Amino acid sequence: MHKLRILLAQRFPAFASSDFAIFWVGHLISLIGTSMQNTALPLLAYRLSGRPFDLGLIAFAVTLPTFFLAIPGGVLVEHVDKRKAIIFLQTIMMLDTFVLAFLTLSEKIEIWQIVITSLILGIATAIEITARQAMLIELVGRESLPNAIALQSTAFNLARVLGPALVVPILLLFPKNGEGWIFLLNGISFVAIIISLFFVHTRYKVPVEPRTRSIAIELREGAQYLFISPSVGLLVIIAATLGIFAFPITQQLPVISTDLLGLPGDTNAIVDVRNGFLYTAQGVGALIAAFSIAMNNSERRRGSRLILGEAAFIFGMIAIPFAHSLWFAMVVIALMGWGAVTQLATMNTLIQLQVPDNLRGRVFSIYLWALQGVTPFGSLLIGLMTQELGLSATAMLCGLLSLVVIGGIQLFRPIVRQTTG
């Protein structure tokens, strides 16, 4: 085991920290459960109501708290023990998932209950993400931070492959309330990351400073940094564009498997299997991206990698209207999965390496707000457009709009690809 760890550390520097390795394993297990739930929940919701708008509504509930809490949460995170904060928030998420499992297994589940439990999950997640991202440097130090970010992305996307793959047999084995068993397994999986956090030490932790100024003043300092650092500010604009017009498209995968690829006589089992293939394709593309970045995250390639990731996702959106076969749809969704992870991991690294330690929580929370805080409105917009115009027209229009905005920034403001502060 010791030799294996040395070998891994040579290729993946972040694994030289045993604390990060313990956290990574626990986080991976939890992420697999989360991925299973993320796959099953839209299927359950779409089966209950049959309305694409409800898929957007649930995504709206999950991400709405980020709109209100991400930025002030970034200030709060800078003044608390991040490890303890994550333990507390993960516990809230675990209990919320157990409630969802109970309602589903007892066959009392309704759309409004899914929305409420999603809202509670979103409240905890809004602060937990910022705390977790800010804690990475405390586990591995600045030198290994890019590799830690890439490895965390690898865990997330490995889970996106394994999660949907595990969902399909469970749904086939329990056709009546399989989603409930999936939610129960997810609740149990939270135990892994909570336990791992009790065994890690934040060896590179910066002493927590007591708050001496108001939240408003500290928020203003974070916002001012974006103006004096245009490369980071432009990344925030790109994140907002993705959050409104691009990423919510992936919430409509059940519409692709049911409507675009649907055939007369399809049973629920057939639709579930087809939907599982799409989610797995998305995860495979994402995993390839995350693993390649973890293997080679050299500074000189980050700018070109950002452009390639953006192009892959946007042109994948534009290709959705032409996805009338399962295999072509899987290729398109895999391309979008690769593009999403490539650009997100690269933007995360570019921001974290440029931002000073004393502003890390605040600036990253603003970035998170731009990426996910505006997503609830994008989810509602995409859900409504899909219901009124159809997914093909929605994907084409939003893809072209994203191309104009993000392509324009890359073309006329190349400073966005700056790799050092």
Exercise. Of all residues in the range 42-55, how many are more than 18 Å from VAL271 (Cα to Cα) and buried (at least 24 other Cβ atoms within 10 Å of the Cβ)?
Worked result: 0
For this session: Quick one: which residue in ALA14, ALA59 is modelled with pLDDT under 85, aliphatic (A, V, I, L, M) and assigned to a helix (DSSP H, G or I)?
Result: ALA59
For this session: State whether one or more residues within the range 161-174 are closer than 25 Å to THR375 by Cβ, open to solvent by 10 Å² or more (accessible area, probe 1.4 Å) and assigned to a helix (DSSP H, G or I).
Result: yes
Problem set entry | Which numbered condition PHE198 fails, given (1) open to solvent by less than 60 Å² (accessible area, probe 1.4 Å); (2) under 30 Å from PHE15 (Cβ atoms); (3) outside any loop (DSSP other than H, G, I, E, B) | (1)
Seminar exercise, completed: Within the range 201-224, the residues that are modelled with pLDDT of 80 or more and part of a loop (DSSP other than H, G, I, E, B) are HIS201, THR202, ARG203, TYR204, LYS205
Problem set entry | Pair list, Cβ under 8 Å, 6 or more apart: the range 366-390 residue in contact (Cβ under 8 Å) with a residue 60 or more places away in the chain, other residue open to solvent by 40 Å² or more (accessible area, probe 1.4 Å) and not in a helix (DSSP H, G or I) | GLN387/ARG51
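Quick grid of which residues meet (1) open to solvent by 40 Å² or more (accessible area, probe 1.4 Å); (2) touching a residue at least 40 places away in the same chain (Cβ under 8 Å); (3) of a type in the set (Gly, Ala, Ser):
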position	(1), (2), (3)
GLY26	no, yes, yes
GLN37	no, yes, no
ALA40	no, yes, yes
GLN113	no, no, no
For this session: State whether one or more residues within the range 393-401 are open to solvent by 50 Å² or more (accessible area, probe 1.4 Å) and at pLDDT below 90.
Result: no
For this session: Might you let me know whether the range 267-277 holds any residue that is touching a residue at least 60 places away in the same chain (Cβ under 8 Å), under 19 Å from GLY50 (Cα atoms) and of a type in the set (Ser, Thr, Tyr)?
Result: no
Exercise. Out of the range 257-300, which residues are of a type in the set (A, V, I, L, M), within 20 Å of the chain's Cα centre (by Cα) and open to solvent by 20 Å² or more (accessible area, probe 1.4 Å)?
Worked result: VAL284, LEU287, ILE288
Seminar exercise, completed: Of the residues in the range 367-384, those that are within 22 Å of PRO230 (Cβ to Cβ), open to solvent by less than 20 Å² (accessible area, probe 1.4 Å) and not hydroxyl-bearing (Ser, Thr, Tyr) come to LEU368, ALA370, LEU371, GLY373, VAL374
Problem set entry | Those residues of the range 402-413 which are open to solvent by 70 Å² or more (accessible area, probe 1.4 Å), assigned to a helix (DSSP H, G or I) and not aliphatic (A, V, I, L, M), in sequence order | PHE412
Exercise. Is it the case that MET330 is modelled with pLDDT of 95 or more and more than 21 Å from VAL416 (Cβ to Cβ)?
Worked result: yes
Exercise. Looking at the range 175-191, is at least one residue touching a helix residue (DSSP H, G or I) at 6+ places or on another chain (Cβ under 8 Å), open to solvent by 10 Å² or more (accessible area, probe 1.4 Å) and not in a helix (DSSP H, G or I)?
Worked result: yes
Problem set entry | Sole residue being closer than 17 Å to LEU380 by Cα and not hydrophobic (A, V, I, L, M, F, W, C), chosen from PRO72, PRO42 | PRO42
For this session: Go through the range 312-342 and count every residue that is of a type in the set (S, T, N, Q) and outside any helix (DSSP H, G or I).
Result: 1
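The values are calculated or read from the model by the stated rules, or taken from the named source; none is laboratory data. These numbers come from a predicted model, not from an experiment. Note that we place each Cβ from the backbone using ideal geometry, even for glycine, and neighbour counts take in every protein chain shown. For accessibility, only protein heavy atoms count, side chains too; no ligands or nucleic acids. Shrake-Rupley method; radii C 1.70, N 1.55, O 1.52, S 1.80 Å.
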